[in-house]
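> Just dropping this structure here.
The values are calculated or read from the model by the stated rules, or taken from the named source; none is laboratory data. From a predicted model like this one, the values you see are computed outputs, not experimental measurements. Virtual Cβ from ideal backbone geometry, glycine too; neighbours counted across all protein chains shown.
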Amino acid sequence: MTAMTSWDLMAGQAGPRPTLTGRPPNAKVLVLGAGISGLVVAYELGKLGYDFRLLEARDRVGGINWTVRRGSEHTEIDGERQVCTFDEGQHLNVGPWRIPYSHTGVLNYCRELGVPMQIFLNESDASYFYYEGAAAGELSNRRVRLREVKADLIGHTNELLAKAIDQRQLDLPLTAEDTQRFVTFLVSQGYLDTSDRRYKAFANRGPGNPYGLAELLRAGFGNRMRSIPASDGTTAAPMFHPVGGMDQIPKAFQRAIGGNRITFNAEVQSVHQTGSDVEVIYLDTKSGKNTRVTADYLVSCMPLSVLGRVDINLSSEMMQAVRATTYSDSAKLGLAMRRRFWEEDDQIFGGHLYSNLPLGEFSYPSSDYFSRKGVLLGLYSNAGVGDLINQPVKARVEHVLAHASKVHPQVRQEFESAYAVWWKRVKYSEGGYATGAAVARREQLSRVENRVLIGCAATAPFSEPDWQEGAVAAGWQALTSLHERAMRA
């Protein structure tokens, strides 16, 4: 994730919300897909006074924004069925699960729609580094606290600086008084001994002697440390998440839009546009019947991995861009624990495990502190983890338990149940977020083709992964283009 941030592969702000006026007479719009982008388009169409309908193939809103809780279920494409057995009140966000403070598009909708938010603790000084093999040199194959790494790296560095100042080895354009003030800062910030300015063990660091500077440098743990958090991406702070699960956001949109505007279990079969209208035929997956609906315009917010197989008369250039877009192998697996041992035994409250274990990201919940039970994020990856996607769910769970136990032996004893979501194997998603040649793809996909527009997150005006902020930006972009097109008619 740190590498992705440095390569500019993390989402940016959606920018200003479009200010649109006017309403074309009797303009009817169909929106395909009730993920965040589709919900944004539908919500804003309603505010502008359009006659619209939202078609969704699932029986819920949110798309990849899905919070799994007791009773949630899905059947993998050509795979097995799972039913969540978490205790009542326990949940896991298997899609998006954190929102940087700079993502004002999403957060302003939360304010507007009355979605209560709470802090997502993205980093805990009590968290562990754990690197297998020889990846961390002398510190490999052992648990090392983040607070120990911070304290020792800063302490050793400050001691070296203080010594260099004493020996007049630094070319500092400072007065004698300012030099003394600088040394006082180094001593205080690095917990140096006030008498000899040496870095030694101290209570706030935790038990044990400091690690050597050379050990820490060879381990590479300090590569993830920054003077201040980023304003965006996976290391941003502060971050937020809705009270009760990320799905509170799409549910709030659903309430605002109105149930009579959304048709669930509507699997789109074909989209045909003419010079005067757009016709959609969808399958009611509950009754098995096909239904035909028409509108003046259509915005498709379906994932391109799904849209590419729909019978739709777009230009060959547009369909080539749709079908050429690849999607990530994003996956999450939650572990329900009968005891919050990470809090009780290790004093870890939120944050992540930093490791080279084949788990991607292993994380601790940022809610319900000091309660009896909790759900760990045992695996979070945006790329394939071996051949786990082809393994039965039981084997995936065993993979996570086996590796997580290397850091937390309590995992085996406290484990109750698990829920695994590999988005490539989830019907109507078939992947996490769009990847590949972003700029060229979006230039084509954001064009209006007669009466049809594409408004999924793959068209967001910044790089992937698009987060929910990207979906908002894509929705705004499609809405603006649609409104301009309709007002010219």
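> Restricted to segment 67-102, and to residues that are of a type in the set (Lys, Arg) and in a loop (DSSP other than H, G, I, E, B), which residue is farthest from Trp423 (Cα to Cα)?
Looking at the filtered set, the residue picked out is Arg70.
> Pick from segment 352-366 the residues that are under 17 Å from Gln410 (Cβ atoms) and of a type outside the set (Phe, Trp, Tyr): which of them is surrounded by the fewest Cβ atoms within 10 Å (Cβ to Cβ)?
Per the criteria, the residue is Leu357.
> Based on what the data block shows, is Tyr369 surrounded by 23 or more Cβ atoms within 10 Å (Cβ to Cβ), touching a residue at least 24 places away in the same chain (Cβ under 8 Å), aromatic (Phe, Trp, Tyr) and not assigned by TED's automatic domain parsing to the domain that holds Ile312?
No: the conditions fail for Tyr369.
> Starting from residues that are crowded, with 20+ Cβ neighbours inside 10 Å and not aliphatic (A, V, I, L, M), keep the ones in segment 336-350 and report whichever is nearest to Arg224 (Cα to Cα).
Residue satisfying both the conditions and the ranking: Gly350.
> Shifting gears a bit: Considering every residue within segment 299-317, establish whether at least one is in a helix (DSSP H, G or I), surrounded by fewer than 14 Cβ atoms within 10 Å (Cβ to Cβ) and without any contact (Cβ under 8 Å) to a residue 60 or more places away in the chain.
Yes.
> Something else: Could you check Glu138 against (1) assigned to a loop (DSSP other than H, G, I, E, B); (2) out of contact with any Pro (no Cβ under 9 Å at 6 or more places or on another chain); (3) touching a residue at least 60 places away in the same chain (Cβ under 8 Å) and say which number it fails?
Exception for Glu138: condition (1).
> I've got another one for you. Can you pull out the residues in segment 143-156 that are of a type outside the set (D, E, K, R) and either in contact with a Leu (Cβ under 8 Å, 6 or more places away or on another chain) or assigned to a loop (DSSP other than H, G, I, E, B) (or both)? Even if it seems obvious, please write down each step before you answer.
Filtering segment 143-156 for residues of a type outside the set (D, E, K, R) gives 144, 146, 149, 151, 153-156.
Within segment 143-156, Val149, Leu153, Gly155, His156 meet the criteria.
> With Arg181, Arg226, Arg197 as the choices, which residue is in a loop (DSSP other than H, G, I, E, B) and over 37 Å from the mean Cα position of the chain (by Cα)?
Numbers: Arg181 fails: in a loop (DSSP other than H, G, I, E, B); Arg226 fails: over 37 Å from the mean Cα position of the chain (by Cα).
Within the list Arg181, Arg226, Arg197, the selection yields Arg197.
> Let me ask something additional. All but one of (1) surrounded by 19 or more Cβ atoms within 10 Å (Cβ to Cβ); (2) touching a helix residue (DSSP H, G or I) at 6+ places or on another chain (Cβ under 8 Å) hold for Gly258; which doesn't?
Going through the list (1) surrounded by 19 or more Cβ atoms within 10 Å (Cβ to Cβ); (2) touching a helix residue (DSSP H, G or I) at 6+ places or on another chain (Cβ under 8 Å), Gly258 breaks only (1).
> Does Ala214 qualify as being over 24 Å from the mean Cα position of the chain (by Cα) and either under 19 Å from Ser127 (Cα atoms) or not in a helix (DSSP H, G or I) (or both)?
Judged against the criteria, Ala214 is not a match.
> Shifting gears a bit: If Phe240 satisfies every condition in (1) surrounded by fewer than 22 Cβ atoms within 10 Å (Cβ to Cβ); (2) modelled with pLDDT of 95 or more; (3) within 26 Å of Tyr50 (Cα to Cα) but one, which is the exception?
The one condition Phe240 does not meet is (3).
> So, Asp284, is that one in contact with a Gly (Cβ under 7 Å, 6 or more places away or on another chain) and either within 20 Å of Tyr428 (Cβ to Cβ) or among the small types (Gly, Ala, Ser) (or both) or not? If you could, list the steps in order and put the result at the bottom.
On the way: in contact with a Gly (Cβ under 7 Å, 6 or more places away or on another chain): no; either within 20 Å of Tyr428 (Cβ to Cβ) or among the small types (Gly, Ala, Ser) (or both): yes.
Answer is no for this residue.
> Residues that are among the basic types (Lys, Arg), part of a helix (DSSP H, G or I) and modelled with pLDDT under 95: does segment 425-442 have at least one?
yes
> OK, next. Does segment 408-423 contain any residue that is over 23 Å from the mean Cα position of the chain (by Cα) and either part of a loop (DSSP other than H, G, I, E, B) or crowded, with 23+ Cβ neighbours inside 10 Å (or both)?
Yes; the residues of segment 408-423 include at least one that is over 23 Å from the mean Cα position of the chain (by Cα) and either part of a loop (DSSP other than H, G, I, E, B) or crowded, with 23+ Cβ neighbours inside 10 Å (or both).
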